[in-house]
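The values are calculated or read from the model by the stated rules, or taken from the named source; none is laboratory data. The structure displayed is predicted, hence computed values, not measured ones. With ideal geometry, Cβ positions are generated from the backbone for all residues, glycine too; neighbour counts draw on all protein chains shown. In case anyone asks, the SASA skips ligands and DNA or RNA and just uses the protein heavy atoms, side chains included. Shrake-Rupley method; radii C 1.70, N 1.55, O 1.52, S 1.80 Å.
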Amino acid sequence: MQTLAGKKILLGISGGIAAYKCAELTRRLIERGAEVRVVMTSAAKEFITPLTMQAVSGHPVSESLFDPAAEASMGHIELAKWADLVLIAPATADLIARIRAGMGNDLLSTLVLATDSPVAVSPAMNQQMYQNAATQENIAALDKRGLNIWGPGSGEQACGDVGLGRMLEPMQLVERCELFFQTNEIQPKSQPLAGKSVLISAGPTREAIDPVRYISNHSSGKMGYALAEAALELGAEVTLVSGPVSISAPTHASTVQVESALQMHEAVMANAPTHDVFISCAAVADYRPEIIADQKIKKADDSDQMSITMVKNPDIVASVAALTKNRPFTVGFAAETQDVEKYARGKLINKNLDMICANDVSITGQGFNSNDNAITVFEKQGEHSLPLASKTQLAQSIMMLIEKSL
Ligand code: PMT
């Protein structure tokens, strides 16, 4: 679908290994109707050639401030004015630092100085470099200045490290562009949640057995974090209560980190009465070990079995739905492996929810720890089927459905 028809995207590529993904990114943007012009730093050329980027974008690539031929075809000021969106992907720690400092020591940083178009930055670097206080301060400064910070993602890195710092995948960046243009084009209607506050729980809980062991599940937080992003894009104030995950929280959300279901219960109950909406996306453990051993439990020589007595955790979403004063519009999730509708509708009624988003978590490629999902939203009257799509897209549809019900 031509979701980016007529949009002019200036793709700035700096010198990180993820630069090789820019050919794919450019193709996907063009496929959706965007016109893409590419600017590369000299380091970027070590990872992907200007010829490749010229071939996929259909335009000569701009590389230098001092190239008379390039300036004759489209000068750097013209390029800066031309773009509807400047997308910098990958954005290295070095480039981010230079943009923060307002430097114009190459074509790309000069363009960022010279443009009054929105700029989106997709950080990509080694996880330690990302965590470095200087990088964090630089990113926070760009964010405060109004630049869009898209990512990074988490996972295995080219250097072998694992952690936050991967550039978002090309399709995730395409979706960010689509969402960006959708929400920015239909203002002020695009901010239908302005003035509303949304509380979201996300990720797993960890139920300690002893100081080194716990019981948990495969929730990655992706669905809940995507809901937080979508709510923010629609103008809401967002509080995220998150179990332990390895993805970065949306910068504009106020995030409370918790570990156990009891901690999540406490954080949610403290916030729920002051929010208009509560979405319980977290995969909360139904039970926790009755006793947390003070010391690491030792292997017993005389028995092949051990047992742990578990006690029920409080049902967080049901507790919120039972509030008699300042009860927010309450949305649950149902993670099912069979009879999805029956169980989801049962939870809608038994927990007294206003809406429930049911997902079949037995299907590979959706549900827990995947980028995609398929959801059926049940209300007391009616249902909406949201077929397989990225969690970003689904989150947007869910937030729009919630907005209509408020
Ligand atoms: O995090 P991802 O990897 O992106 O995966 C997303 C997801 C699969 C975790 C998400 O889409 C999802 O289904 N979340 C709910 C998981 C779950 O715990 O479902 P449930 O059917 O067991 O619980 C029903 C509802 O009760 C949920 O809203 C849950 O948050 C809530 N609950 C459950 C137990 C409890 N003690 N307190 C609760 O509030």
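Rank PRO387, PRO211, PRO192 by mean-square fluctuation in a GNM of the chain with C-alpha springs under 10 angstrom and give only the top-ranked residue.
Looking only at PRO387, PRO211, PRO192, the biggest GNM fluctuation is shown by PRO211.
In 10 Å bins starting at zero, report the fraction of Cα pairs in the range 204-347 per bin as a rounded %.
It works out to 10, 35, 33, 15, 5, 1, 0, in whole percents.
Taking a 1.4 Å probe, which of TRP82, TRP150 shows the most accessible area, and what order do the others take after it?
Order by accessible area, largest first: TRP82, TRP150.
Based on alpha-carbon centroids, what's the gap between the range 108-181 and the range 247-312 in Å, whole number please?
The range 108-181 and the range 247-312 have Cα centres spaced 31 Å from each other.
What shape does the range 161-246 have by the C-alpha gyration tensor, where a ≥ b ≥ c are the square roots of the eigenvalues, rounded means a/c under 1.5, and otherwise prolate means a/b greater than b/c and oblate the rest?
Oblate shape, in that a/c is at least 1.5 and b/c is the bigger or equal ratio.
Going from most exposed to least, what order do LYS342, LYS7, LYS325 have by accessible area with a 1.4 Å probe?
On the way: LYS342 130, LYS7 35, LYS325 150 Å².
The most accessible residue leads, giving LYS325, LYS342, LYS7.
Given points 7 Å out from each Cα along the Cα-Cβ axis, report the THR337 to GLU24 separation in nanometres with one decimal.
3.1
If you build a Gaussian network model of the chain, linking Cα atoms that sit under 10 Å apart, which residue out of THR92, THR52, THR183 swings the most?
THR52
Taking a quarter of the surface of the Cα convex hull of the chain, what do you get in nm²?
With the hull built on Cα positions only, its mean projection is 22.6 nm².
When the accessible area of the range 8-185 is split by element with a 1.4 Å probe, what percent falls to carbon and sulfur?
Carbon and sulfur atoms account for 52 percent of the accessible area of the range 8-185.
Do you know the relative contact order of the range 8-185, to the nearest whole percent, from alpha carbon pairs under 8 angstrom that are 6+ apart?
Relative contact order comes out at 22 percent.
Just LEU113, LEU193, LEU87 to compare: in a GNM of the chain, with alpha carbon springs under 10 Å, which one fluctuates most?
LEU113
Which one of GLY163, THR92, MET53 is farthest out on the positive end of the charge dipole of the range 8-185, using unit charges on Cβ (Lys, Arg +1; Asp, Glu -1) and the Cα centre as origin?
Positive-most Cα among the choices belongs to GLY163.
Per residue, how much accessible area does the range 328-367 show when a 1.4 Å probe rolls over the protein heavy atoms, in square angstrom?
44
Kindly provide the helix-only [θ] at 222 nm of the chain, computed as the sum of -39,500 (n - 2.57) over DSSP H runs of four or more divided by all residues, to the nearest 500 deg cm²/dmol?
Calculated from helices alone, the mean residue ellipticity at 222 nm is -9500 deg cm²/dmol.
Any chance you could get the radius of gyration and Dmax over the Cα atoms of the range 94-233, in Å?
Answer for the range 94-233, Rg first and Dmax second: 18.0, 57 Å.
Sort THR251, THR110, THR26 by accessible area with a 1.4 Å probe, largest first.
From most exposed to least exposed: THR251, THR110, THR26.
How big is the range 8-185 in terms of Cα radius of gyration and Dmax, in angstroms?
15.0, 45
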